[in-house]
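To start, the structure itself, in structure tokens.
Values in this text are rule-based calculations from the coordinates and carry no lab data. In this text the structure is predicted, and so the values were computed from the model without any measurement. As a convention, Cβ positions derive from the backbone with ideal geometry for all residues, glycine included, and neighbour counts pool all protein chains shown.
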Amino acid sequence: MTDDSGHTGRSGDTEVTRRLARLLIESRHVGVALDLGRLAEQGLEPSSESAANEVDDLVAALSGRPVRGWKIGCTSEHAQRLLNATGPFAGRVYTVLEPHASSSSGPEPAAIAEPFAVEPLLEGEFAFTFGTDLPPTGQLRDRAAVVEAVATVHPAIEFVGGRYQEFLGAPLPFIIADAGANIMLVLGPGVPLDTGLADRLDSLAATMTVDGEVTGSGRGADVLGHPVDALRWLVNHLAGRGIGIDAGQTVTTGTATQVSSLPVGSQGRLEIEELGSVAVDRVDAAG
């Protein structure tokens, strides 16, 4: 098992890594976005994806915040174009809002009143909560082993934007260092994952609406070809970094609905076939 931070003690120890990690922690604490231009001038842009992962590792270690799960970024062609990426990346998730009580029309919306430092975007995703630990090993995990470790699959809305004044257009190493720009994950009710459901997740339609208007749609196949393939990628990627996934942690696998904005006073809702729905109301933080 990993420790509560999801940290393995292998983070980079350079002064640059530490400076960026501490700035990201401070930004989370005070809610003020960082100026990418100034960070670049100070030589704080990570030199590679590996160096960016070291920053994310160190943020987890120094902040001491429990890691609730992981996100996978850029699993769709749409997201890769937006962030100028050639493949997926991983980031830690620290805030997960659990399902609310259900009504006849579905789960009650989660009320979000955060005074966001960066205007957030919404992504509609397939998310998986693990029922058993999946520690790192020297061998790649196959699909069956990954599915067996999962307890439930959920519709989920990820809030993305991160800790920089600019999100879209930011250099990818900065985004990866900042937990993949994750702000929070809103999790819908879970459906038990069996082999049959796992096999057909790629065919399930996902639709995001804001105030009843469709803002994005897709299928599970838009997520690295299959949400379970994305999940397996993450498990093996983390194992290569000496990190496992613990029972109770949730992995969200990247947008299947493109990205949407959510103005104050609006409601976002994600519907996924067979899995149900999850909704969020963005309310005025000052009110």
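Annotations
- Ordered by the count of other Cβ atoms within 10 Å of each Cβ, fewest first, His226, His154 give His226, His154.
- Extended-chain gain in nm, criterion 0.36 nm per residue less alpha-carbon gap, Thr14 and Ala285: 93.7 nm
- Here the extension length gained between Gln267 and Ala40 equals 78.1 nm, from 0.36 nm per residue of separation less the Cα-Cα distance.
- Helices in the chain, meaning DSSP H runs of at least 4 residues, each add -39500 (n - 2.57). Divided by all residues, the mean residue ellipticity at 222 nm is -8000 deg cm²/dmol.
- Looking at the chain alone, DSSP beta bridges between its own residues are antiparallel in about 85 percent of cases.
- Cα centroid separation, the stretch 76-96 to the stretch 240-287 (Å): 14
- Distance in nm between pseudo-label sites at Glu108 and Val191 (7 Å out along the Cβ direction from Cα): 2.4
- Rounded if a/c under 1.5, otherwise prolate or oblate - the stretch 22-166, Cα gyration tensor axes: oblate
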